[in-house]
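Structure record follows, encoded as structure tokens.
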Amino acid sequence: MRIRIGYSAWIVGVIQFFVIHGIAESAWAGPYSWARNNISDLGNARCALQQEPEPRYVCSPEHGLMNVSFVALGVLLVVGVVLTAGVLWRGGRAAATTRVLLAGAGAGFVLAGLAPADVNENRHVVGALLIMAAGNIGLVVAGFGLADHIPASLRWGTGLLGVTAIAALGLFLSRHYLGLGMGGMERVAALPLLLWALAVGAHGVVRRPRTAREAESLEGAWRGTPAGPVRDRPARPRAGRVGGRGEQA
């Protein structure tokens with residue numbers, strides 16, 4: 001049950017983010033552009049002309065709702081990381097590192113929501129870096145830390161998403177937008193983490209263990225046994241007594 005709650009937390013967190021993103025975008029005072037505007041613009045508390053990183057006018061009447069969505073997304077990401085421990089991940093340093101980095105990304109969303117860019121820019125930037133740096137590095141490492149029962153295509157796709165997002169972050173910070181615009185390149189750097197959480201969450205909720213043995217393995221993960229398939233062990237020879245005289249059979 002707890003495992004499915006963890007997966008569901010990721011699904012709910014990502015969906016509510018995109019829904020509220022759409023609501024805040026539709027209430028924008030003027031045309032909001034995915035190419036020209038940052039995601040953070042939707043959470044700015046005041047209407048003003050912003051000069052960095054590119055000049056644009058920002059006015060988001062639903063900034064409060066957007067910031068609540070940032071915080072909710074961050075909390076639900078962390079909840080998912082905690083509740084899927086031992087089942088979604090293999091043992092070892094790669095898995096532990098991944099969980100720390102993904103939880104850091106969740107904390108980044110919380111920080112970004114609590115400190116809008118035009119209220120406390122320094123804290124907001126720290127939050128954004130946790131999302132796009134720690135989170136994306138976490139995706140790369142996750143490609144090596146996901147459990148064996150996760151399809152190989154999803155494991156490889158996880159690493160590929162992370163590499164793509166890290167490259168996009170570098171281009172965004174260096175202001176090379178490749179025709180996507182400032183907001184477009186930022187989204188290539190920020191959204192892969194959310195798409196991954198949605199995909200893995202949906203896979204975890206829909207998927208059923210293929211065998212009873214695998215189900216026992218997944219359940220046993222919460223008791224400290226490694227996740228993954230359980231292999232049959234050879235039976236040990238049993239010693240017995242014959243005729244009660246102490247002779248072994």
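The values are calculated or read from the model by the stated rules, or taken from the named source; none is laboratory data. Every value quoted in this text rests on a predicted model; they were computed, and no experiment measured them. We place every Cβ from the backbone using ideal geometry, glycine too, and count neighbours over all the protein chains shown. Surface accessibility is based on the protein's heavy atoms, side chains included, excluding ligands, DNA and RNA. Shrake-Rupley method; radii C 1.70, N 1.55, O 1.52, S 1.80 Å.
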(Q) So, in region 122-166, exactly how many residues are closer than 20 Å to residue 74 by Cβ and without any contact (Cβ under 8 Å) to a residue 24 or more places away in the chain? (A) 6
Q | Cβ pairs under 8 Å, 6+ apart, first in region 187-209 and farther than 12 Å from residue 139 by Cα, second charged (D, E, K, R) and open to solvent by 10 Å² or more (accessible area, probe 1.4 Å) | A | 204/4; 205/4
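State yes or no: is residue 62 touching a residue at least 60 places away in the same chain (Cβ under 8 Å) and acidic (Asp, Glu)?
no
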**Q.** Lone qualifier among 48, 29, 35, 9 - being within 21 Å of residue 189 (Cα to Cα) and either crowded, with 16+ Cβ neighbours inside 10 Å or in contact (Cβ under 8 Å) with a residue 24 or more places away in the chain (or both)
**A.** 35
Q: Kindly check whether there is at least one residue in region 179-190 that is at negative phi, surrounded by fewer than 14 Cβ atoms within 10 Å (Cβ to Cβ) and out of contact with any strand residue (DSSP E or B) (no Cβ under 7 Å at 6 or more places or on another chain).
A: no
